[in-house]
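The values are calculated or read from the model by the stated rules, or taken from the named source; none is laboratory data. Note that the structure is predicted; figures quoted are calculated from it, not measured. Positions of Cβ are backbone-derived with ideal geometry, glycine not excepted, and every protein chain shown enters the neighbour counts.
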């Protein structure tokens, strides 16, 4: 058994991707008056992320995070408990002010991810959502205090879990961002 | 034979790393009064780079770039032909105003790379310098107009050349930067 904690949902039990997940209800960690957010779309690009901005549960070195179209996200209950963590960030992470869970994070400014919202699918009441497919911003876990001398073990464990480790996003997403930038600069046809 | 051009020095002929390279003289492309820069130290972290900032020769999608300690770099001749490309950039690329070749690029501001200078070892008059060991900022070649649909072929070719492709820097360098940041933030002991 590995001593490297990736995320509780991944370390001890692997969830299963359902055939026809098309959204569900995200719920924060509050026992009373939890925030509830509904999505009406399947996840895209679900992955584990080592950055210092994403919400992670206790014991996790990585978050689990995916995107859905912002137009398919609605706050159902207790929206008054939500506040934006950092209004200057690309991702406007709306966190529950009481329990701290990030419930949805739209990208509103001009960017290749504009129109998408970042969510943490582990907060779904439902199962069957697409499982994470890669690991992003792996080196960044050091910025949360992770011991740099254990990074080889982290990357080995991620590969063992079929979560290919990257220190930025996956090649497909990096190419997507670069293509958007090239079109905006006019070096590729729009 | 691959149709994917990485860099002329790599596509057609592979140079050899010498046992005891300890610096040499970099020369720009001017026939008259070339700029000459001397280094008195072996290269570190030599790699090919797809970013849009580094100087690349004609026909190259990637630059070849490495670092040496700034204290071991001296401009020997025709320093009046040098100008900094972008004074706001992390790397202060000193380019020849006539031929455009970047001759040395010190990092002066507070950063994990402070005290290092970026150079293009293909400009050495001498041979034997350490050969490139990986490929950085691969997706960025799209930002120079490279066809995004050929990126799989680029990454395959780089792997074939033992230049593991990354869309940022190599894991070792990314961990180094993250460790510096963690120490600066105080989450790891300095």
**OP:** Given the conditions (1) more than 10 Å from chain B (Cβ to nearest Cβ); (2) not in a loop (DSSP other than H, G, I, E, B), report the number of the one that residue A:162 does not fulfil.
**Re:** (2)
Original post:
Does residue A:133 satisfy the condition of being more than 9 Å from chain B (Cβ to nearest Cβ) and within 18 Å of residue B:152 (Cβ to Cβ)?
Top reply: yes
Subject >> The lone exception for residue A:109 - which of (1) in contact with a strand residue (DSSP E or B) (Cβ under 8 Å, 6 or more places away or on another chain); (2) closer than 30 Å to residue A:77 by Cβ it fails >> reply: (1)
Original post:
Which ones in segment B:177-190 are under 23 Å from the mean Cα position of the chain (by Cα) and more than 8 Å from chain A (Cβ to nearest Cβ)?
Top reply: B:180
**OP:** Give the residue that is farthest from the other protein chains (Cβ to nearest Cβ), with candidates limited to residues of segment B:165-176 that are surrounded by 19 or more Cβ atoms within 10 Å (Cβ to Cβ) and out of contact with any strand residue (DSSP E or B) (no Cβ under 6 Å at 6 or more places or on another chain).
**Re:** B:173
Original post:
Which residues, counting only those in segment B:58-88, are assigned to a loop (DSSP other than H, G, I, E, B) and within 14 Å of the chain's Cα centre (by Cα)?
Top reply: B:60, B:61, B:62
Subject >> Selection count, segment A:89-137, where residues are part of a loop (DSSP other than H, G, I, E, B) and under 17 Å from residue A:55 (Cα atoms) >> reply: 12
**OP:** Could you tell me whether any residue of segment B:111-120 is closer than 30 Å to residue A:143 by Cβ, within 14 Å of another protein chain (Cβ to nearest Cβ) and modelled with pLDDT of 95 or more?
**Re:** yes
